[in-house]
Amino acid sequence: MKLLPEPGSTDWSFPFTEQDWDQTPPAVKAYLQTLHHEIGQLHERVESLEARLKQDSTTSSKPPSSDSPYKKPRRRTGSATRRRKGGGKPGHAGHRQVLLGPTSVGCVTRVVRLWQWRL
């Protein structure tokens, strides 16, 4: 188990003075050292778990199917994502589909029944 830093050192992070530490019973000192050690371990674990949370298919070897469907992908900035304007380039002759004439013409008449005019 790692011991606590001495009260005079720059690593001392407790809110009490050196005289208070000297007057603290040994059982309380041992308990504080245990808690300090556990807090250090928990801090390391939180950092490793946060690093795992930040991973997705773009930052690790995981396949894209393992990414969350609820997270939107980050938008890339820069010249790689700039889209060019649609349409042909200036000076290029366009090609259009040819409009064909009608093949047959039919006459359509409208039939109105009398019962449709009654309210």
Residues of the stretch 23-62 being farther than 20 Å from S13 by Cα and not in a helix (DSSP H, G or I), in sequence order, are K54, Q55, D56, S57, T58, T59, S60, S61, K62
**OP:** Determine if the stretch 24-40 includes at least one residue that is at pLDDT below 80 and not polar (S, T, N, Q).
**Re:** no
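The values are calculated or read from the model by the stated rules, or taken from the named source; none is laboratory data. If you're wondering where the values come from, they're calculated on a predicted model, not measured in any experiment.
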